[in-house]
Amino acid sequence: MPRKRRSTKREDALEPYRRRRDFRRTPEPRGTKRARASRKRPRFVVQKHDAGRLHYDFRLEVGGVLRSWAVPKGPSPDPAERRLALPTEDHPLAYADFEGVIPEGEYGAGTVLVWDAGTYRNLDGGRSVAEGLKDGHVEFVLEGSKLKGGWALTRIAAGKDERWLLVKMDDDFASPGSDVLRARPESVLTGRTLAEVAREARGD
Ligand code: MN
């Protein structure tokens, strides 16, 4: 019985994602079926998204979906930089590979590139990431191309105006004062900039 209940809940997790999108118009993945995790370690992805206002979407694979936050200023490897992270709807795992242009008039219209991707590891030995997120604090190690080492997500406000902070932990991969967003603006998948992704989508 608990098993059935959980699988129902999982299907529902992507309902808000699908409700917002017209898949006849957007090239984003529909993610109808909940994908099974294909590797030992869960994935993370950071997508750079120019939706009028540039931001970075930070996503962690948890329980077969990508839990997601919009980070207006993007992640910083400087532990002194506490970056606001606004929760958004769960995305399908297939979204981790999405790079392209969401057409005008559609939800999230604008250009998306995969800014960083890799796997991550929960730093809390006694609590799952899902439980940590429920409690409002998770610490994890990112194994990406641009982002590495320990990071923490902490909920600072709940309810209608739920807000989190994404902060680099102070370890060997901390880099005070550095600006990886400027230094490495390109897609980790294709090496393209946002302008190049947009231009190719237009067919120029
Ligand atoms: Mn976004």
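In table form, for the structure just shown:
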| quantity | calculated |
| --- | --- |
| So residue 93, is it away from the ligand (no atom under 16 Å from the Cβ), under 30 Å from residue 25 (Cβ atoms) and surrounded by 14 or more Cβ atoms within 10 Å (Cβ to Cβ) | yes |
| Flag if residue 53 is within 13 Å of the ligand (Cβ to nearest atom), closer than 14 Å to residue 114 by Cα, free of Cβ contacts under 8 Å to residues at least 60 places away in the same chain and basic (Lys, Arg) | no |
| The range 111-144, residues that are away from the ligand (no atom under 16 Å from the Cβ) and of a type in the set (Val, Ile, Thr) | 119, 129, 138, 141 |
| Qualifying positions in the range 163-183 - surrounded by 14 or more Cβ atoms within 10 Å (Cβ to Cβ) and over 14 Å from residue 121 (Cβ atoms) | 163, 164, 165, 166, 167, 168, 174, 175, 180, 181 |
| Residue that is farthest from residue 157 (Cα to Cα), among those in the range 76-90 that are touching a residue at least 60 places away in the same chain (Cβ under 8 Å), touching a strand residue (DSSP E or B) at 6+ places or on another chain (Cβ under 6 Å) and within 15 Å of the ligand (Cβ to nearest atom) | 90 |
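FYI, it's all coordinate maths here, none of it is from the lab. The shown structure was predicted, so the numbers you read here are calculated from the model rather than taken from an experiment. So basically every Cβ, Gly included, is an ideal-geometry build from the backbone, and we count neighbours across all protein chains shown.
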